[in-house]
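Data first, discussion second: the structure below is written as structure tokens.
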Amino acid sequence: MFLSVGVRFEANVEALNMVETAGNYSKHRRVPYLVEEDGKLKTVYVPALSGESLAHAYQEHLVREALSLNLPVCDDCRRGEFYKSMNRVHLEKKVSPIPGEPAKIEEAIVKACVVEDVGGFLYAENPPVRRSSAFQVSYALPVKSMALFATSEPQLHARHAQMDSSGKKGNASEQMIYYVEIGTALYGFTFNLDLDAIGVSAITSKPILDENEIKARREAAMKALFRMLSSAQFGAKLSRFFPVGGIKEVAVAVTEHPFVVTSPIYDDYILKTERRLKVLKDFGEDYLFTVATEDKVPEEALKEAVDYLKQKGAL
Ligand SMILES: [Zn+2]
């Protein structure tokens, strides 16, 4: 089974993805973006969140959900340091001795860590072993029709240090000013999850784990997405720049084979996705499509997807 989710969220004054600091100035990530204005295409620069940033957050949630289901997570991943068995040093911490064959190496890593099973890894030694991530996530970009209103703007902040009784300032300067570039936009991103890839070898296509453990890991993968969206715990600087706004829309498709919802950056993405799915049905493929717009909340739509997967025997 394959899950694809389109998410639209409004974030006013966010600093979710900062890319560099020059002196006392932190810059928000910005990307070139094609928009149409007066019948002509032009490029504008808009605030954005990288797929890496969203994937990191998802994997942090996956750690927690996996542990709560008593599933294995390696020490590196538990700390949110996703080295993913990238070399001998990191692999030896969980697998020793290291097997010689790529399929055996993959098997050992998948057994030892849910995050590397679901999120993939690259063991860059001899022999190299690569496992693709079962989940995919796009950049979060401003919705097309509103991209021209998306903006990033520096905000001035000041940190004050107290003077001591002698009037000397000690090491800290009395006042330090700094700027944080904040973004404001209605963002859209896509998240896909290939449930059939979890617990299955990418090399031999054969299951590595028994069916119950595979189902439990799929459940952890679903719960991690649920938690990430429900808690809005993704991106940086949440402690002082927690975005003002929230999820406006979610469109969830569950299909037998890979299918990706039309990107939520387009205003007609729900309608288009529906039409595309209907054609799939004509070819005999069953699906679930549910949206949270006005009368449904995102959690309800995701719960429907979980229930559908259970009904299909995938969870
Ligand atoms: Zn791990």
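The values are calculated or read from the model by the stated rules, or taken from the named source; none is laboratory data. Note that the structure is a prediction, hence the values are computed from the model and not measured. Positions of Cβ are generated from backbone atoms using ideal geometry, with glycine treated the same way; all protein chains shown enter the neighbour counts. With ligands, DNA and RNA removed, areas are computed over all heavy atoms of the protein, side chains included. Shrake-Rupley method; radii C 1.70, N 1.55, O 1.52, S 1.80 Å.
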- Computed ³J(HN,Hα) along the range 116-132: with the Karplus parameters 6.51/-1.76/1.60, θ = phi - 60°, integer Hz and x for glycine or proline, the list is 7, 5, 7, x, x, 7, 9, 8, 9, 10, 10, x, x, 10, 10, 10, 6
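Could you give me D for the range 190-315, from Stokes-Einstein at 20 °C and 1.002 mPa s, where the hydrodynamic radius is the Kirkwood radius over C-alpha pairs? Units µm² s⁻¹, please. Don't skip to the end; give the middle numbers.
Numbers: Rh = 16.3 Å.
It diffuses with D of about 132 µm²/s by this estimate.
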- Message: Tell me which GluC sites (Glu not before Pro) from the range 3-83 have a DSSP coil assignment and no more than 12 other beta carbons within 10 Å of their own.
- Response: GLU81
- Message: Out of the total accessible area of the range 85-242 (probe 1.4 Å, heavy atoms of protein only), what percent is carbon and sulfur?
- Response: 51 percent
- Item | trypsin sites (Lys or Arg not before Pro) within the range 49-118: DSSP coil, no more than 14 neighbouring Cβ in 10 Å | ARG79, LYS93
- Taking H as built 1.01 Å from N, whose amide H comes closer than 5 Å to the amide H of VAL143, not counting residues under 5 places away? LEU186, TYR187, GLY188
- Message: Solvent-accessible area of LYS278, probe 1.4 Å, all protein chains present, reported in Å² to the nearest ten, please.
- Response: 120 Å²
- Message: I need the shape label for the chain. Rule: rounded when a/c is under 1.5, else prolate if a/b > b/c, else oblate, with a, b, c from the alpha carbon gyration tensor.
- Response: oblate
- Taking the Cα centre of the range 134-290 as origin, sum charge times position over the Cβ atoms of Lys and Arg (+1) and Asp and Glu (-1), and report the length of that vector in debye to the nearest 20. 500 debye
- In straight Cα distance, which aspartates and glutamates are under 17 Å from LYS94, not counting same-chain residues fewer than 8 positions off? ASP75, ASP76, GLU81, GLU106, GLU107, GLU116, ASP117, GLU125
- Which of the residue pairs LYS215/LYS278; LYS206/LYS237; LYS27/LYS111 have a Cα-Cα distance greater than 31 Å in the structure shown? LYS206/LYS237; LYS27/LYS111
- Name the most mobile residue of TYR123, TYR287, TYR178, meaning the one with the largest mean-square fluctuation, in a Gaussian network model of the chain with Cα contacts below 10 Å. TYR178
- Decide, for the range 245-315, between rounded, prolate and oblate: order the square roots of the alpha carbon gyration tensor eigenvalues as a ≥ b ≥ c, take rounded if a/c falls under 1.5, and otherwise choose prolate if a/b is larger than b/c, else oblate. oblate
- Item | the range 216-225 - phi-based ³J(HN,Hα) in whole Hz, Karplus 6.51/-1.76/1.60, Gly and Pro as x | 5, 5, 4, 4, 4, 5, 5, 5, 5, 5
- Query: About its Cα centre, what dipole magnitude does the range 1-129 give when the only charges are +1 on Lys and Arg Cβ and -1 on Asp and Glu Cβ, stated in debye to the nearest 20?
  - Reply: 160 debye
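Give me the percent of the accessible area of the range 15-66 that comes from carbon and sulfur atoms, probe 1.4 Å, all protein chains in place. Display every interim value, and only then the final one.
Numbers: 1210 of 2660 Å².
C and S atoms contribute 45 percent here.
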- Note to self, the chain gives a 222 nm [θ] from helices alone (DSSP H runs n ≥ 4, -39500 (n - 2.57) apiece, / all residues, nearest 500) of -9500 deg cm²/dmol
- Message: On a 1.4 Å probe surface of the protein chains, which of PHE226, PHE283 comes out largest in accessible area, and what is the full order?
- Response: PHE283, PHE226
- Message: Heavy atoms of the protein only, probe of 1.4 Å, neighbouring chains included. What is the accessible area of VAL137 in Å², nearest 10?
- Response: 40 Å²
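Using a 1.4 angstrom probe, figure out how much accessible area the chain has per residue, in square angstrom, rounded to the nearest whole. Working shown, then result.
Working: 16070 Å² over 315 residues.
Dividing the accessible area of the chain by its residue count gives 51 Å².
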- Task: Specify whether the C-alpha gyration tensor of the range 29-184 places it in the rounded, prolate or oblate class, a ≥ b ≥ c being the square roots of the eigenvalues: rounded for a/c under 1.5, otherwise prolate if a/b is larger than b/c and oblate if not.
- Result: oblate
